[in-house]
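Heads up: the structure comes next, in structure tokens.
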Amino acid sequence: MIRKHHLQSSKRKPSRRDFLKMSGIGMAAAMMARYGLAPAFGQGMADIPAELLPGSPNNPRGWTTTLPPIPAGMPVNPPVTITGSRRGPWEFADGDNIENSPFTRLNAAVTGIHWKLAFSWTDNEEEVLQKYNLAVASNDLPDFMETVPLQVYAEMLENDLLEDITEVWAAAAHPVWLKEALSFGDGAAWQYAEVDGRKMGLPYTEQAAQNDKLVWIRQDWLDAVGMSAPTTIEELHAVAKAFVEADLGQGPAGSTIGLAAANNLVTWFSSLDPIFGAWGVMPGYWTPNDSGDLQYNSALPEIKEVLGLLRQWYAEGIFAQDFFTLRPPQTAFRQIGGNTCGITMSPAFAALFGIPDSVTNDPTARWTWTDIPTGPTGIKKKAWSNPVGDVVFCFRKGFEHVDLVLKQIGWWAELLQNPENRFHGFEGTDYYWRDEAGDVDSMGSELDLASGYDGTKHIWGPPGTNGGARTDPRHETNWIKHRREVWANVPAGERDAMMDAFLGGDELSVMWDDANVFAVERWEEDGIRNHFTTFPTPTMEMVSASLDSLEAETFINIITGQAELDDFDSFVADWRAGGGDTITGEVNDWWHGQM
Amino acid sequence: MKVRAYRKRVWANWQPARDYLKRAWPLYVMIIPGIIVVLLFRYYPMYGVVIAFQDFSPAKGFANSPWVGWRNFEIFFALPDFGRIFGNTLIIAIAKIVADQIGAIILALLLNEARILLFRRTIQTLIYLPYFLSWIVLGGILLDVLAPFGILNQAIGNFGIDRQLFLGSNDWFRGTIITSGFWKNVGFSTIVYLAALTAINPVLHEAAAIDGAGRFRRIWHITLPGILPTIVLLAALSLGDVLEAGFEQILTLYSPAVYRTGDIIDTYVYRIGLISAQFSLAGAVGLFKSFIGFFLIVLSYYLADRYAGYRIL
């Protein structure tokens, strides 16, 4: 039954969801090389029964998965049972479930930990809130809590329901796969999980630079107007304008737009953040000024300059007349997919989201990508995307086995994220052998093996969990590099089935790999980081809705010409008088308290 | 003896009631589940309104959250945008009620005059079809239809009219909301009027026709007076909705550019909720709306009784 389902659904085109799932496990890292560690067989590995081991060493052209060293003192004896909450749904081979699967059986053999499901929820924001609120209200928290939403987390903190893991973390966390992996972005990983210098949980980490923008542009249109890919804001403007004037789009006459934009100027797809970045500012972000105080970027004079520029571009027809009514995915389906737009500033995954529709609707469409443009003063910046999700992994106050859970997490993190280990889940649960030729197909995924699989959702704790939490934000990029630098050098006839399945790929997925590697390379350097990384201040809670509305309304109306450019000045005055000054004070109290 | 006689007299007095109960008890049993459901889901949760006067936190529960008096209401009324969102809510909701009622009456009259049954049934089905689609689905459709290069703009372009931003301009947004709300709901609203129309005795129409009355005269003198009580009743009852401007609809169709004309209480509170879980403020807003709704409902039942002879007790 399960197999059939997956064979059928594998014909579906990948969606953004699939893409997100791909922040998959097999995608681990050339970290070994980075840290100079030699692959090691752990002590006690001989004790683990062969039938519990992942990989397919005995199949024709199969491969062997190497297990990391077993943490000191494990497996614990007598075994311990730990309760946890999980996000479902899962699919297992017959007879298995979330408490008893190849993952938990191997885990029990390695660590001595048995997991018991306290409660679960599916992909639904309200349900997870309801479940956690209920657990809080009935004072019945599981030992380990997966992806607690921030508002419940704040609630739990306020009522002292969570275990402070600071000391245990220092003693028991894996030096490379937890401590080193979560040290990126100047502590940005811990923006929620650390409160007043105390670690109150573990961060939820996704792929680095996942939403960092590149300029995606129609190569065939560039050829048609005889221009080359833009490197500055000025050139971007010239190209976009040329596209509009040549009216190269598929829609009705005059419907071609130069640059895709959405209802938020700074967003995850078809964003304008690199244009603001070219002036060194980012609307909605708090960044340090010369005197070391945080300042709210939306109220800075540079924003007025950019708004003036965007206003001119809108008047020239470079944006869709109604761009501000479109949500980001609608720009992907309508404008990019509808082949009415020539440029979008979108993340690497645009190669798999929007652009495939464009190519389907117009087989002659050719897309390419390039770095974001440089501003008039030589600045080149974009919104930095923090790979930390707004959820936290938490431990119940008084739970005595935090050290064991951390050790387990470190062990799995190494197994999953180091590509040398060659972990791709368990035969029969995550993939199966399709025929004599040794082709494998992933059973745990709607995509094929080459694109990753989501078997990691069966693992308790990060890495793993439904939705793709990892500990190393560069795991996916490292995996791409490993694939290209190591596997690609193996002669075609000598590759095993896992290599075969992951190597290759069509033009767009190769383009996605390239863009991904590039975006991660520029990740820390080109990003403007929002330095305000804590819960809303009291005044924010009171007036943010009002100030944010005012800001969004003013900016959009200035761009579309429904308001004058000088209305920006009255916005700044209103913002400051309406609570902005008080908020700035509160934000800086927090900021200076941090340092 | 005396007691016995007394008993007998009492039993005699109660006899009709007993007979009635003997006949009707299954009906009373049948409404018990309904009453339980109403008590459980309509009255029991009402004690939750206390959160409007608390700084509610789910961890502390209703019993232990600190009391803050009227603070949440003060915050709500002191919101800088309160006047704007309250005005938008009233304008959109009232325009919707008026358009819906008048449209439904006209449509019902037209359908009533249609001779061919198949035609009437088909039209009736078609006009109340959108009622069953969610705003999420309709929002996507409208976004396409009303886009700068959408069907509507193409159509008016053929008459030499400039492209309009129906969803993006403050001149058009309320009109778009009211019209699309009308389109979605009017078919369903006509059903009650059509039912009322069937109650009019056809003899009246026949007599008027023999006396030489034309269609419009008959509508004016027979049909309309015939459904007047229904019109008054529905108009009065819709008073309770004057703060319901259509949250889902506006949420799917609005954008920052039209906050000035399209932001309503519900969408604003939704945005407040996005920033942090302010249960208490949302509770206060809900209570405020219920409070106004309560008075309007009392008023509407009074009007319904006075002008349409409709009463529940």
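The values are calculated or read from the model by the stated rules, or taken from the named source; none is laboratory data. Since this is a predicted model, take the numbers as computed values, not measurements. When we count neighbours, we look across all protein chains shown, and the Cβ atoms used for this are built from the backbone with ideal geometry, even at glycine. Note: accessible area is taken over every heavy atom of the protein model, side chains too, but ligands, DNA and RNA are not part of it. Shrake-Rupley method; radii C 1.70, N 1.55, O 1.52, S 1.80 Å.
Name the helices (complete DSSP H segments) of chain A with a Cα length along the long axis of 27 Å or more and a Kyte-Doolittle mean of at least -1.0, or state none. Please report the intermediate quantities before stating the final value.
On the way: long enough: A:507-526 (28 Å, -0.52); A:538-560 (33 Å, 0.52).
Qualifying helices: A:507-526, A:538-560.
For the interface of B with A, what's the total buried accessible surface in square angstrom, probe 1.4 angstrom, rounded to the nearest hundred?
Working: alone 20230 and 24030 Å², together 41470 Å².
When B and A are taken together, about 2800 Å² of accessible area is lost.
Taking every residue in A:333-339 and counting other chain Cβ atoms within 10 Å of its Cβ, the average works out to 1. Per residue of B:252-261, other chain Cβ atoms within 10 Å of the residue Cβ number 6 on average. Taking only protein heavy atoms and a 1.4 Å probe, the accessible area of chain A is 50% carbon and sulfur.
Going from the isolated chain to the complete set of protein chains, segment A:545-567 loses at least 50 Å² of heavy-atom accessible area (1.4 Å probe) at A:Ala545, A:Ser546, A:Ser549, A:Glu553, A:Gln562. Once both labels are positioned 7 Å from their Cα atoms along Cα-to-Cβ, the gap between A:Glu485 and B:Ala17 label points is 9.2 nm. Where in segment B:106-131 is the amide nitrogen less than 19 Å from a point lying 7 Å along the Cα-to-Cβ axis of B:Thr198? Under 19 Å, as judged by backbone N against the label point of B:Thr198, lie B:106-129 of segment B:106-131. Note on A:317-325: average number of Cβ atoms from other chains within 10 Å of each residue's Cβ is 6.
In whole percent, and with a 1.4 Å probe on the protein chains, what portion of the accessible area of segment B:133-258 is carbon and sulfur?
On the way: 4180 of 6250 Å².
Of all accessible area on segment B:133-258, carbon and sulfur atoms account for 67 percent.
A cut-off of 5 Å between modelled amide H atoms, ignoring neighbours fewer than 5 places along the same chain, links A:Thr65 with A:Ser56. Ligands, DNA and RNA are left out, and with a 1.4 angstrom probe the accessible area of the protein assembly as shown is 46 Å² per residue.
Long hydrophobic helices in chain B, taken as whole DSSP H segments with a C-alpha length of 20 Å or more on their own axis and mean Kyte-Doolittle hydropathy at least -1.0: B:2-38, B:82-113, B:173-198, B:279-308.
Between A:Ala50 and B:Ser134, what's the calculated FRET efficiency when r is the beta-carbon distance and R0 is 45 Å? Round to 0.05.
So, using R0 = 45 Å, E works out to roughly 0.25.
Sorting A:94-105, A:550-561 by their mean Cβ neighbour count within 10 Å, with the most densely packed peptide first, gives A:550-561, A:94-105.
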